Each structure stands twice: as C-alpha cells, then as structure tokens.
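Read the structure below first, then the notes.
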RNA sequence: GCACCGAUGGCGAAGUGGCUAACGCGCUGGUCUGCAAAACCAGUAUUCAUGGGUUCAAAUCCCAUUCGGUGCUCCA
C-alpha cells in the first residue's frame, strides 16, 4: 500500500495524507451551488477530488467524504424569484442535473451529500457559540457578522497579511453596519424583494434570515466529520475568502484545528482565457456532449494535467484525448479477446510490472495523473508489439488486465458508455427545447441503429468475398460519414462509433 | 497597484542539479492490407521564453527582463 504525498496549502509542503483518530480518512470538499448547470471548470475540481478518493481507496484506505450542496444563496434567490419559483423548486432540477453530470463523468458519489437548507440548526448553533465568545455580533438590521480582529491567524491559509488593515476601523459597506470592513456575514437578516415580498428565510433564535455562505460548510463539515478532520478540498478560488473564513469560524468556535490538510485544484482556462459567458468560451458538460464530444474524453482530458497546474482546455486537446482513449480501448479489447500463446513473455512481464509500479508511484506523488497515464502507455506499446509478433503469452494477458483494472480504477475511461450518455443528452436537449443545439453529425451518428450498421457491415463483407471492392468501399464511405469506423482484422470484422 | 503561479517539440504535457529531455495527439516514411482501419517500426526539441550568474555539472538553483494566467469582489 502506497501512501499519498499530497501538497498541503496550509503548510506549503508535500505531506503524507493519512487518517488521524479514525479508521477512515475524513474529507470535506466544497460542492456545487445549484443555481445553473455545472460547467467544465467546476468538474475539473470534482474530477481531481474523485481521483484522490479513488486512489486512496485503491490503496486500501477507507474514506469518509462529504460534499455539500449549496441550495440557498443570493444567486439562487435571485434566479428563483425571476422564475417565479420557490428556491427548492428552483434548485431541484439543477441538483438533479449535477448528479447526472457527475455520473456521466464517472465521478463517484461521496459518502455524504448534505444540503445547506437541511442543516440550518447546526449553523445557528455554531453562530451562537461564536456570539457567546463575542466573536459574532449582531448589527442593527438583524444580520450577524464575524469579528476578524478576534482571530489572529486570519490569512494563514491564503498567506495574506492583514496587518496593514486597521482593526476596528468603522467602515460602512452597503447598507449594513459592520465593525470592520473585512468582517464577513454569518447570518443575513431577511430582506424584502423589489415587489415587497420577503425573500426566503428561516425563523431561528438569531432572528429571521438565512445563513451566510461560509457558515454552511463549517457547520456541515463539523457536524458530519467532527471539529477536526483530515482533509478539506476545493477550487483554488475558494481559498480566499471562503476557506479562510471557514477556518476562522470553526477554529474560533472549537479551539481546535479545523482541517489538517488543504488541497486546492487550480483553475481551468478555455482556449487560453478564463471561462466566461461574455468571452463565448463558457461550456457546460451538456454543451460539449451536444457538440458531439464524448464524456469519457472530457474526463480523460480534464485529468490529463495534474491538479496543481492551471490547465488550458482546447478542442484540439479534446480530440487528442478522444483518440488516446480509442487506443486504450482497442488495446483493452485486444487483450480481452485472448488467443495468445501459453506461458509468458518475460520482457512484457517486466514491462507490465514496471508500469504497475510507476502508475502507483506517480499517483502517490501528489496525484501526478500525467505521469501515471504515461506509465500505462509504455505497457500498451510493449504488449501490442509483442502481440503483433505472436509472442504475447496468456499469462501476460492476465497480468496486463490486472494493471488495466488498476488504471481504470482511477481513470475510469475504459468501459464505453459514451453512446448511451450522448443519447441521454440528446433526449434531455429535446425535452428542454434545445434539440437544435445538437450537431448535425451527432444526430446522424446516433440515428443509425446497431442492427442497421451490422446489416451494412455484413453486406460489405459479402461484397469483399466476391471481390466487389467498389461496393465494399462505397459502404465503408457511407459509414465513415456517419462516424462509424470499420476494422478488418484477421479474426473478423469489427466496427465502432468514432 | 499589491500578492502568487507559469513559460519545455506542430499541439497538450512529464521531468526540478548529473543516463541519448518521459508520455499522448499530430505529421512523414515503412511493415501489414485488395485499398483502408487497427497495431508495430523508424523519423519528427543537440534543446527546455530571453539575458546574466552560481556549479565540475542546470530545463532544473539565483537575479533581471519579456509574455501569459490567477487572487485581492461572486466564482470550482
């Protein structure tokens, strides 16, 4: 069992990640705010956290993973109001879509998926504890704030130095009266919308209102994992202020270290720029599926650059990832098909063992997904080469399959669910009135049933037997146009959707 | 403005003091094939943004410059 050396934002060093005080590693990862469909930047973070949990479990470590769902916040309230819906009605569809997208991308479900709105009492209790220490204070409008001056360690995660900021300076921000400009909201008093209707709120001991964003994570993490736990993960943009504030609240209340280890996944750029709707480079998973890209290729691409490096998403790279997966799947199928000589080829055996060792070592070294994938490529080449020469042994095949299983336990791209997922996306788009967004090529490709393809392939095989190559080639051209690729192998004809 | 990160072949990218600079994709040629596809073989950076420095030795450490990105406000 390899132990994972993971970069810890808090210490700025690589540290061994291990459970303390419990058999399972307790980890918390900030989840989605369900006000819209998730975009590929969101999913880069969730995918790398997925790699982390898959790798730990593969190494024999139990994991207790919490991912929250933020189902109340300013954007949700605003959008729900605009849609004329209650917030839970509004968020339900996006929450459902989020979990569907997680499944499409092969992201495992965390052990706990708490919703913010179902943990209001814990948040209130936490704020009350802070109030009892005079760390939380109430302003005239009924909101509650956190007094940053009372937490000297503030800034320890994001390495910010707030000495230059005057404590206690009275700065008016918005309509609220805070004691210091940086003090952040723990509880927001109920407001009235433009049409005089009060916004959604909870009646609690703190007054009527709703929780601040940061307190949600502190309360849910603490109630599910305890006051101290092993790892907290999230996107790099959450480091400040969100995670910094979580630490301040939680450690002020408990007097203990909140999370020992912090992991931050760096940003995803699209075509060299930060994703934004105005730049026209903003993509949800569903957008990409409708353009004809495969879910597996998106997963593989987003994992191809290690989490601690900023990654640039391009369509060229996406097509490269698609081809890379094809090679892996073709290889996997070849090994499964069998028909190898008895025994083992020692050179391949050595290459297989080397790949297995390097794969695990690469991931154990701060989740170096790029190096892990490279290790597998070398095995693939050695084995294909040997199989071409007729020297690959049945024992080699067994060993190779074990390594591929290990690989796929983390990367999860070998099993082909792409056609099914793309079809589901098409059905969804039609139901949403967005069917016209699907690319024409995709519609043609999906329109062809397996039986129809089989019939055409059989006709082509017959034509070839009678040496009617013109007809055979015409069929191949027709299928190619629909994204179907034919392979004439020694042991038969195969086809696949490109 | 302040802070932080990055710059490696046509593209993506690993490597952070010492073997011929991984790996994937692409491209070129070859093997196989009726032709393709798949697969394999060979080739594709004498060189790691630029300029200086440290060292017996640097893509890897230091300084400067240029360019790109991010945070400082909601954000994965």
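The numbers here are math on the coordinates, done by the rules we state, and not lab data. Just so it is clear, the model here is predicted, and its values are computed rather than measured. We place every Cβ from the backbone using ideal geometry, glycine too, and count neighbours over all the protein chains shown.
Taking the stated definitions as given, is residue A:398 more than 13 Å from RNA strand B (Cβ to nearest atom), free of Cβ contacts under 8 Å to residues at least 40 places away in the same chain and under 25 Å from residue A:233 (Cβ atoms)?
For residue A:398, the condition - more than 13 Å from RNA strand B (Cβ to nearest atom), free of Cβ contacts under 8 Å to residues at least 40 places away in the same chain and under 25 Å from residue A:233 (Cβ atoms) - is not met.
Name every residue in the range A:112-162 that is within 15 Å of RNA strand B (Cβ to nearest atom) and assigned to a loop (DSSP other than H, G, I, E, B), in order of residue number.
Within the range A:112-162, A:113, A:143, A:154, A:155, A:156, A:157, A:158, A:159, A:160, A:161, A:162 qualify.
Which members of the range A:225-271 meet the condition of being over 29 Å from residue A:145 (Cβ atoms), touching a strand residue (DSSP E or B) at 6+ places or on another chain (Cβ under 6 Å) and surrounded by fewer than 18 Cβ atoms within 10 Å (Cβ to Cβ)?
Matches in the range A:225-271: A:269 only.
Which of the residues that make up the range A:487-498 are within 18 Å of residue A:442 (Cα to Cα) and within 10 Å of RNA strand B (Cβ to nearest atom)?
A:495, A:496, A:498
Just to be sure before I move on: is residue A:433 more than 25 Å from the chain's Cα centre (by Cα), crowded, with 17+ Cβ neighbours inside 10 Å, more than 20 Å from residue A:298 (Cα to Cα) and away from RNA strand B (no atom under 15 Å from the Cβ) in the structure I sent?
The answer is no for residue A:433.
Please work out which one of (1) within 10 Å of RNA strand B (Cβ to nearest atom); (2) more than 24 Å from residue A:337 (Cα to Cα); (3) assigned to a helix (DSSP H, G or I) is the condition residue A:444 fails and give its number.
Residue A:444 satisfies all of (1) within 10 Å of RNA strand B (Cβ to nearest atom); (2) more than 24 Å from residue A:337 (Cα to Cα); (3) assigned to a helix (DSSP H, G or I) except (1).
Please tell me if residue A:264 is within 21 Å of residue A:65 (Cβ to Cβ) and within 17 Å of the chain's Cα centre (by Cα).
For residue A:264, the condition - within 21 Å of residue A:65 (Cβ to Cβ) and within 17 Å of the chain's Cα centre (by Cα) - is met.
Go through the range A:300-356 residue by residue and tally those that are within 6 Å of RNA strand B (Cβ to nearest atom), assigned to a loop (DSSP other than H, G, I, E, B) and in contact with a strand residue (DSSP E or B) (Cβ under 7 Å, 6 or more places away or on another chain).
Of the residues in the range A:300-356, 2 are within 6 Å of RNA strand B (Cβ to nearest atom), assigned to a loop (DSSP other than H, G, I, E, B) and in contact with a strand residue (DSSP E or B) (Cβ under 7 Å, 6 or more places away or on another chain).
Filter the range A:222-245 down to residues that are within 23 Å of residue A:51 (Cβ to Cβ), in contact with a helix residue (DSSP H, G or I) (Cβ under 9 Å, 6 or more places away or on another chain) and more than 10 Å from RNA strand B (Cβ to nearest atom), then give me how many there are.
The qualifying residues number 3.
Across the range A:295-317, what is the total count of residues that are buried (at least 19 other Cβ atoms within 10 Å of the Cβ) and over 18 Å from residue A:235 (Cβ atoms)?
Residues flagged as buried (at least 19 other Cβ atoms within 10 Å of the Cβ) and over 18 Å from residue A:235 (Cβ atoms) within the range A:295-317 amount to 4.
Just for the range A:468-477: of the residues that are near RNA strand B (Cβ under 8 Å from one of its atoms) and surrounded by fewer than 13 Cβ atoms within 10 Å (Cβ to Cβ), which one is farthest from residue A:388 (Cα to Cα)?
This residue is A:470.
Within the range A:381-395, can you find the residues that are part of a helix (DSSP H, G or I) and away from RNA strand B (no atom under 12 Å from the Cβ)?
A:394, A:395
Taking the stated definitions as given, is residue A:480 closer than 23 Å to residue A:416 by Cα, part of a helix (DSSP H, G or I) and within 12 Å of RNA strand B (Cβ to nearest atom)?
Spelling it out, residue A:480 is indeed closer than 23 Å to residue A:416 by Cα, part of a helix (DSSP H, G or I) and within 12 Å of RNA strand B (Cβ to nearest atom).
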